[in-house]
Amino acid sequence: VPGYAALAGATFSGKITAQVATVGEIDEIADDAGGTVTISLDTSANYKTATFAAARTLANPSAKTIGACGSIFVTGPGFTGYGSQWMFPGGTGPTYTNTASKWDRIDFIVLDANTIMCNFTANYGAPS
C-alpha cells in the first residue's frame, strides 16, 4: 500500500512520530542456575526478573542497538556482578531491596558499543 511501511523489515530515517502511543513489551529474565544472566537489547528493551533463588551476575548484552533504552525490574536478591559495559553512578553497582513484594528498577540507555549508562531506584511498593 503506498505511503505505508511493510509490517516487517522496514527501515526509517529521520524522526518517527507516534500519533497515539507506543507500548514496549516486558520480557521475563528466567532464573539461570548457572549464576549469569545475559539479555539482548536488540530484541527487547524492558525486562523483569523472576524471583531468583540467589543473586546473579548481569553479563554484557548478547546484542544491543545504540540509543536503545529501557528498564529492568528486579524483585528478590538482584544482581551482584555486572559485565564491563554496565555503568552506574559512582562506578558501583546498586544494593537491592530483596524484600517480598518490593521492586527495584534499573533504567538504562546504550550510549555506544561499549557503554550502557544506568540509573537505579529501589524499594517500589504499594503505599500504606
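In percent, how large is the relative contact order of the chain, given Cα pairs closer than 8 Å and 6 or more residues apart? If you can, show how the numbers build up before the last one.
Working: 242 pairs, mean separation 23.8, N = 128.
Relative contact order, the chain: 19 percent.
What the pair-distance distribution of the chain shows, using all Cα-Cα distances binned every 5 Å from zero, is 2, 9, 18, 22, 18, 12, 8, 7, 3, 1, 0 percent. Decide, for segment 1-71, between rounded, prolate and oblate: order the square roots of the alpha carbon gyration tensor eigenvalues as a ≥ b ≥ c, take rounded if a/c falls under 1.5, and otherwise choose prolate if a/b is larger than b/c, else oblate. Since a/c reaches 1.5 and a/b is larger than b/c, the shape of segment 1-71 is classed as prolate. For the chain, the antiparallel share of DSSP beta bridges with both residues in that region comes to about 50%.
Close amide-amide hydrogen proximity is noted between I29 and K48, T49, A50, each under 5 Å apart and 5 or more residues distant or on a separate chain (H modeled in the peptide plane; Pro and chain starts excluded). Excluding the site residues themselves, the longest part of the chain lacking any trypsin sites (Lys or Arg not before Pro) in a DSSP loop with at most 16 other Cβ atoms within 10 Å is 16-101.
3J(HN,Hα) couplings calculated from phi for segment 77-85 with the Karplus curve 6.51 cos²θ - 1.76 cosθ + 1.60 (θ = phi - 60°) are, in sequence order, x, x, 10, 10, x, 9, x, 5, 8 Hz; Gly and Pro show x.
Using DSSP loop states and a limit of at most 16 other Cβ atoms within 10 Å to flag chymotrypsin sites (Phe, Trp or Tyr not before Pro), what is the longest stretch of the chain containing no flagged site?
13-128
Highest GNM mean-square fluctuation among V23, V37, V74, for the chain modelled with Cα contacts below 10 Å: V23.
Values quoted throughout were computed directly from the atomic coordinates according to the rules given, and no laboratory measurement underlies them. Just so you know, these numbers come straight off a predicted model, no measurement behind them. Please note: Cβ atoms are built from the backbone with ideal geometry, for glycine as well, and neighbour counts cover all protein chains shown.
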